[in-house]
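Here the structure comes first, spelled out in structure tokens, and everything after it is commentary.
The values are calculated or read from the model by the stated rules, or taken from the named source; none is laboratory data. Nothing here was measured: the structure is a model prediction, and the numbers come from that model. Ideal geometry is used to build each Cβ from the backbone, glycine not excepted, and the neighbour counts take in all protein chains shown. What goes into the accessible areas is simple: the full protein's heavy atoms, side chains included, and nothing from ligands, DNA or RNA. Shrake-Rupley method; radii C 1.70, N 1.55, O 1.52, S 1.80 Å.
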Amino acid sequence: MVSRVVFGRGSFNQLGDIISPKRKNIKAPFIFLVDDVFKGNSWLTSRIPLAYNDQLLYISADEEPKTSQVDELVEQIILNHKDRPSGIIGIGGGTILDLAKAVAILLTNEGEAKNYQGWDLVKTPAIYHVGVPTISGTGAEVSRTTVLTGPQKKLGINSDYTPFDQVILDPELTKDVPKDQWFYTGMDCYIHCIESLNGTYLNAFSQSYGEKAYQLCLEIFMEDNLSVEDSQDKLMMASWHGGMSIAYSQVGVAHALSYGLSYLLGTKHGIGNCVVFDHLEEFYPDGVKLFKQMKKKHQIHLPQGLCAHLSDEEFDIMIDVALGLEPLWINAVGKNWKQVITRDKLKGLYQKM
Ligand code: NAD
Ligand code: ZN
């Protein structure tokens, strides 16, 4: 679990007070990894509390994080600073938050990031790391994983050392998220709830978090009279609770197939989940029905024909990635999932997208 969290509009202003006791000495900098969408946005960047040798690195979120990108960042930080940093602060969406978590781990664990993709492979605690989400839905701010695309697989670094030591939840930071992106990343949260609540791994913890997040999603995406501020506040809470729900259980079919799309085509997580979920009536009939209503209400038009021109080999690559995610299938379908989830079935689903 994340050990410390503050929530509230304007709480981003507390960042300096929160991190200053964690500074080891004046030569041990804080490294701020900031989504480059905020470059030139002084409303946000003027409040980043830089001091001494602290460094601000703008990072593009156009592509999802790669293990090689983590390795390059770690090398750059080590070369630029004699002392090990006091901490890593990630400010952005799931892409930047995941990079911040991974960099914090790789600064204290030898070797390359790809060696740690999997479950509980990290042996040494990460350096102090703080997450400040600027878009809500992924739950990356609360999860014990950091999803990375490596040379062989798209898989998280799942470990007890991955979660942030501190999170600052300031819903005001999400005010300029474009509408489509708001929907895609918000639906990631909704899909987390559906997959968790309908999974075989469901338990009292995942259910209580999942039901709360699901209720919040209904209010945010289906009610008419919610103020903009209320909607931002609620989505930030929903994201947290949805993340907690899957932390105690697992995701399901939409995520398994979406990882395949992302691995082959680079389709980003939020939009990829939406594209897949739109075709999953068979697995989640009620969830998909409501999803279609939300899509209509917010006039979202998903891309069509993503897989129209793919070769058999390319379908096979996506199917291999999806089938490799065994825990997701066990959660979604049960222990005998291999009898139901055939390669042909997955190909048929991908062909619809
Ligand atoms: P993102 O970080 O990829 O950002 C999406 C877009 O929104 C980018 O263009 C970004 O610049 C922009 N953006 C972000 N904040 C903004 C703001 N305040 N104003 C204007 N634009 C803003 O989006 P995401 O959906 O949050 O993250 C997706 C990533 O999260 C994927 O890499 C996925 O693998 C990862 N993920 C991780 C976990 C986890 O548990 N670690 C869970 C789900 C997803
Ligand atoms: Zn997700």
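Quick notes on this one:
- Scanning the range 64-91 for residues that are away from ligand 2 (no atom under 16 Å from the Cβ) and closer than 24 Å to Pro171 by Cα yields Gly87, Ile88, Ile89, Gly90, Ile91.
- Qualifying residues in the range 251-266 (those that are within 11 Å of ligand 2 (Cβ to nearest atom) and not in a helix (DSSP H, G or I)) - the one farthest from Met318 (Cα to Cα): Val251
- Tally of residues being within 16 Å of ligand 1 (Cβ to nearest atom) and touching a Leu at 6+ places or on another chain (Cβ under 8 Å) across the range 218-248: 8
- Residue count, the range 301-323 (criterion: open to solvent by 60 Å² or more (accessible area, probe 1.4 Å) and more than 15 Å from Gly266 (Cα to Cα)): 8
- Within the range 120-139, restricting attention to residues that are outside any loop (DSSP other than H, G, I, E, B) and touching a Leu at 6+ places or on another chain (Cβ under 9 Å), the residue that is nearest to ligand 2 (Cβ to nearest atom) is Pro133.
- From Gly131, Gly139, residue being crowded, with 20+ Cβ neighbours inside 10 Å and touching a Cys at 6+ places or on another chain (Cβ under 7 Å): Gly139
- Answer residue from the range 73-120, given it is polar (S, T, N, Q) and within 14 Å of ligand 1 (Cβ to nearest atom) and is modelled with the lowest pLDDT among those: Gln117
- Within the range 255-280, residues that are at positive phi sit with their Cβ atoms under 9 Å from residues that are of a type outside the set (A, V, I, L, M) and surrounded by fewer than 24 Cβ atoms within 10 Å (Cβ to Cβ), at 6+ positions apart or across chains, in these pairs: Gly266/Glu63; Gly266/Glu64; Gly266/Thr149.
- When each of Glu326, Glu281 is tested for being touching a helix residue (DSSP H, G or I) at 6+ places or on another chain (Cβ under 7 Å) and charged (D, E, K, R), the lone residue that passes is Glu281.
- Single match in Gly270, Gly210, Gly287 (criterion: within 14 Å of ligand 1 (Cβ to nearest atom), assigned to a helix (DSSP H, G or I) and either farther than 26 Å from Lys335 by Cβ or open to solvent by less than 40 Å² (accessible area, probe 1.4 Å) (or both)): Gly270
- Some residue of the range 171-181 being of a type in the set (A, V, I, L, M, F, W, C), within 14 Å of ligand 2 (Cβ to nearest atom), out of contact with any Leu (no Cβ under 9 Å at 6 or more places or on another chain) and open to solvent by less than 60 Å² (accessible area, probe 1.4 Å): no
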